Amino acid sequence: MNGPSLERIIAWAVAGLTLLMILAIWLGWRRLRAAQRLPFFTLRQRRSGEGWRLIVLGFGLGLFGLITRLFGPQAVFVFITPTPTLSPTPTVTLTPTITLTPSVTPTPSITPTASITPTPTVTPTPQVPEALTVLFQDTVTPRPEAVFSPIEVSARIDSLNRAISPTEQFENPVPILYGAFTYDFMDDGARWTAIWYLGTEIVCSETKPWDGGSGGFGYTECNPAAGFQPGDYEVQMFLGTQWRVSATFSVTGPAVPFTPTVSATPSLITSPTSIPSTSAPSATP
């Protein structure tokens, strides 16, 4: 059997490049539209850059497809010398034999039907444990437009409370972990809560009035005394009693108990942009 002709192969290649062009331009347009709705300037700028790169890639694919359509055959013949096609030799056609018709048609068996259709379970919305809600005695109501960015979990943060090399899997020894995030439209005095879970067990938690200003970079930290046991973890953050954002990660290897470091002489940070030593968020814009 002869393979597809060169013209057909080129037509397939041009069609594929055209589809890729349309897909890239459409995805780029979607990224640009989505970037306009992001509240954070850095994320909005990053998303816009991705959109324009996809659009440029789409036009590049379209130009390559046009060049392939116009000059594809000539380019192929420069490197491959066409060989004459042999005339096919007729083969002997066999005469089909008589097919016997079965006298009895078997009756299909009854297919059992499941009597009970399993119903998928509904994932509950995270809630603040009742043991922590008794601490809520604040008078400041969080603004509805207040937002937290996705949490990035890492073993270190920089001087601006940004995560250094965030990841979703850690290997012991891990003495302490940080959940870094950005925030906007916050009011000082509003209650915020961060809870770290190992499965369904709370390993770290903090709840306090907000004191980091309207917008900037913040973090929550966890350093369990028994160390991070191997398993799957989840960080949940709440504003008031409303869940806002979560992040998951895992830890492998035997746990190493946390040993706090004691400084002989405490030092004062006099920089205007000093970062507090606790997990309270910084007001760095």
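The values are calculated or read from the model by the stated rules, or taken from the named source; none is laboratory data. Bear in mind the structure is a predicted one, so any value in this text is a computation, not a measurement. No Cβ is skipped: glycine too gets one built from the backbone with ideal geometry, and neighbour counts run over all protein chains shown.
The single condition from (1) hydroxyl-bearing (Ser, Thr, Tyr); (2) part of a loop (DSSP other than H, G, I, E, B); (3) at pLDDT 85 or above that Thr139 fails is (3). Of all residues in region 185-206, those being surrounded by fewer than 16 Cβ atoms within 10 Å (Cβ to Cβ) and of a type outside the set (A, V, I, L, M) number 7. Answer with yes or no whether Trp210 is of a type in the set (Phe, Trp, Tyr) and farther than 30 Å from Thr252 by Cβ. Here the answer is yes, as Trp210 does meet what is asked. Under the condition of being modelled with pLDDT of 95 or more and more than 14 Å from Ala247 (Cβ to Cβ), the residues counted in region 203-215 number 1. When residues in region 216-251 are screened for being hydrophobic (A, V, I, L, M, F, W, C), modelled with pLDDT of 95 or more and outside any strand (DSSP E or B), 1 of them pass.
Residue check: Pro173 meets all listed conditions (1) touching a Phe, Trp or Tyr at 6+ places or on another chain (Cβ under 6 Å); (2) surrounded by fewer than 22 Cβ atoms within 10 Å (Cβ to Cβ) but one, namely (1). Summed over region 41-96, residues that are at pLDDT 80 or above, exposed (fewer than 15 other Cβ atoms within 10 Å of the Cβ) and under 22 Å from Trp12 (Cβ atoms) total 6.
Restricted to region 123-132, and to residues there that are farther than 14 Å from Glu201 by Cα and under 22 Å from the mean Cα position of the chain (by Cα), the residue that is modelled with the highest pLDDT is Thr125. So how many residues does region 159-199 have that are in a loop (DSSP other than H, G, I, E, B) and within 23 Å of the chain's Cα centre (by Cα)? Residues flagged as in a loop (DSSP other than H, G, I, E, B) and within 23 Å of the chain's Cα centre (by Cα) within region 159-199 amount to 7. Just one residue in the set Leu38, Leu27, Leu32 is under 28 Å from Phe148 (Cβ atoms), modelled with pLDDT under 80 and surrounded by 14 or more Cβ atoms within 10 Å (Cβ to Cβ); that residue is Leu38.
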